[in-house]
Structures are given as structure tokens and as C-alpha cells.
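Beneath this line is the structure, given in C-alpha cells, with notes to follow.
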Amino acid sequence: MTQPTPAPLLEVLPRDLSAYRKGNTGIDYVHRFDSGRPGPHVLINALTHGNEICGMVAATHLLDSGVRPLIGTLTISFAHVEAYEAFRADDPFANRQLVHNLNRIWSDEWLDGPQDSPELRRARALRPVVAVADHILDIHSTSQDVVPFWVYPDFARNGQAALAMGAQGRVTTHLVMPSGLGSGTPLIQHGRHGVADSHAGVALVVECGQHFLRASAEVATATAQDFLAHFGLIDRAEPAQPAAAQRRFALLQTCMVHTPAFQFVRPLRGFETFDEGELIATDGDAGEIRAPCDRCTVLMPARVPIVGREAVYLTRPISD
């Protein structure tokens, strides 16, 4: 088994969210503000995974500071508070999910299916919240300390928005999914947001950095504000900056952990590169993972591989 990385620095810890439970939508932990003026409906979603605390910081900041939309409608949601409340400082990665991954079950097959879990119950409750939103920002973080990056299906509407916001220099790296995620349906591909030829709006994930770092919470808060400003719901807080250089990666393959013997050939954090055919990991009787191309870049390698969960994303740089 791959050796786990050292325990993380816990700069940001959970806070009590009970004051935010009663919103105004009839759904716990969902708050909606209508400007009364024409404009898009924007959803800022936090805590899809229970230990991704930066989204909580961003969402509570918007609520505590009294942000209200100048146009359109703003919805702020805390997705998986049940998992969030299971946080333990001595095992801060354990409450990512309780049973299912809340960010892999947004298909009709799962949502209309017979299975039950805390995640399925919450996704079913949030289904109308996600469906009604024109534009979605789903705030996430990573187990390893890497640069923040966008994640989105390869639709023009998503790329244009992410590149426009990335030009400001806050989040300048992009993971583009030409053929979906490959391990389930994420929230940002639910319903019309997963269809290329629809009139749906933008749906992005922002991975803000390592879960428990203060810098990740700052990125999450600023990116939520950037997203709202991009669609005109709030005024831009900062003057325009010279366009920043950006880099994009196309997702080639999502590799899963199949056996307890899974191990990487060397410790990985993310954004390491491999030559075509180079060995990346072995997975017992399930075989090997090798780079499918030159300059193959690995993203989000599992900190501790768990059978049935993602091991690593294999990508290639996109040359514009």
C-alpha cells in the first residue's frame, strides 16, 4: 500500500452551522435572495464533501456579510452538513462522505433508483435547487497542497467563463473533461448542465487547494465573489488586472483503485508528469497504470488509496 503523507496542518476547522439551518426555501441549509430585477439565477454550493471546509468559509462569508444580488437571484447552499458534522481532528479525511460520494450520484439512475444513503437523501432534497440554477459554482478542495484549479465539462460556455475569471490571476489552471468524469455524474453535470447543446448556463467546480489551509479558504471566498461578479450579481471588488497566463489539461482517464495492493511508483502530490508508457502505479492482480501519452500529467492522486474510489486522473496538456 502506498505510504500515507504526513498529517495535514489544520489551519481552518469546522464551525457550528446550526444558525444557518433554517433558510427560506423549505430545504435545510439553503438560502435564496431574489433581487426583483431580471438576471441569472446563480448557485454557490459548499460542502459537497464533508471535510472540504473552504466552501463553508466562503458560503458563511457571503451570508454573514449580507451579500445581496444586484440583478437576478442568488442561492447559497451547504450540501452535506451531516458529513461535515462528523469531522474529527484526529482523522480529518474520514468525513469526506458517509456512504456514497455526493459528487458522483447526480444521474437519474442514482437519484430515481432504489438505494438509500445520507448522500442520496440529500441529493434528492437538493435536486430542485440544482435544477433551477442557471449558473453553478461548486466549491471543493484537495487532499494535497497543490495550486487551485477549475474543473468543468468541455462545453464552450464553461471554458469561456473559467478563462475569463482565470485571466484575473486567482485560479489559472483548468482540468477540462471532454468525455465526462468517468466515475459517476458530478453535480455540475446534473440534468441540462451536462448537455452540450442545451441552453444551460455555466457549471464549474473550483478546487481551492488543500482542505484545511487558510489560503484555500481565502481562494474559495474570493472565487465565489469573482463568480458572482462575472454574472453581474455583485460589483467587482478589485480593479481589473493584466491577463494572467493560464494552463489547461484534458482528462484522458479516471483510474480507480481495484485492490488493497494498489501503490504509486513514488509519492505523488499532483501535477507530476510521465512519459508515454511510463509506470505510474500498480494495482495487484488488476494490473498496472501507465502513462497513455508523453507529458502525461497526474492530477488528484489518492492520498491513501481506497478500493472502489478514484486513484488518480490522467491528463494531457492542452495547447491552444
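A short reminder: the numbers here are calculations on the coordinates, not readings from a lab. Please read these numbers as outputs of a predicted model, since none were measured by experiment. Every residue, glycine as well, gets a Cβ built from its backbone with ideal geometry; the counts of neighbours run over all protein chains shown.
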### Test item: Cα-centred dipole of the chain, Lys/Arg +1 and Asp/Glu -1 on Cβ, debye
620 debye
### Task
Take the alpha carbon atoms of segment 198-229, find their center, do the same for segment 1-78, and report the distance between the two centers in whole angstrom.
11 Å
### Query
What is the local net charge at Leu43, summed over the other residues whose Cβ is closer than 10 Å to its Cβ (Lys, Arg +1; Asp, Glu -1)?
-1
### Message
Can you compute the label reach from Ala167? Point 7 Å from Cα along the Cβ direction, backbone N cut-off under 17 Å, restricted to segment 202-236.
### Response
226-232, 236
### Message
Given points 7 Å out from each Cα along the Cα-Cβ axis, report the Ala245 to Asp285 separation in nanometres with one decimal.
### Response
4.9 nm
### Query
For the residue pair Leu70 and Glu278, what label-to-label distance in nm results when each label sits 7 Å from Cα along the Cα-to-beta-carbon direction?
4.8 nm
### Query
Quick one: length gained pulling Arg21 to Gln115 fully straight, 0.36 nm per residue minus the C-alpha distance?
31.3 nm
### Task
Using the charge dipole of the chain (Lys, Arg: +1 at Cβ; Asp, Glu: -1 at Cβ; taken about the Cα centre), state which of Ala123, Leu233, Val257 has its Cα farthest towards the positive end.
Leu233
#### Entry: Antiparallel bridges, percent of DSSP beta bridges restricted to the chain (to nearest 5)
50 percent
### Query
So which trypsin sites (Lys or Arg not before Pro) in segment 170-273 are both in a DSSP loop and have at most 13 other Cβ atoms within 10 Å of their Cβ?
Arg236
#### Entry: Computed FRET value (nearest 0.05) for Cys293 with Gln160, which takes r as the C-beta separation and R₀ as 22 Å
0.25
### Message
If a paramagnetic tag sat 7 Å from the Cα of Val147 along the Cα-Cβ line, which residues of segment 197-218 would have the backbone N under 17 Å from that point?
### Response
206-210, 216
### Query
Summing +1 for each Lys or Arg and -1 for each Asp or Glu, what net charge is found among the other residues whose Cβ lies under 15 Å from the Cβ of Leu251?
+2
### Query
Excluding Ala261 itself, what net charge comes from residues whose Cβ is under 10 Å from its Cβ, given Lys and Arg +1 and Asp and Glu -1?
-2
### Message
Just the number: Rg to Rh for the chain, Cα atoms, Kirkwood Rh, two decimals.
### Response
0.95
### Task
Express in nm, to one decimal, how much length is gained between Ser198 and Gln253 on full extension, taking 0.36 nm for each residue of separation and deducting their alpha carbon distance.
17.3 nm
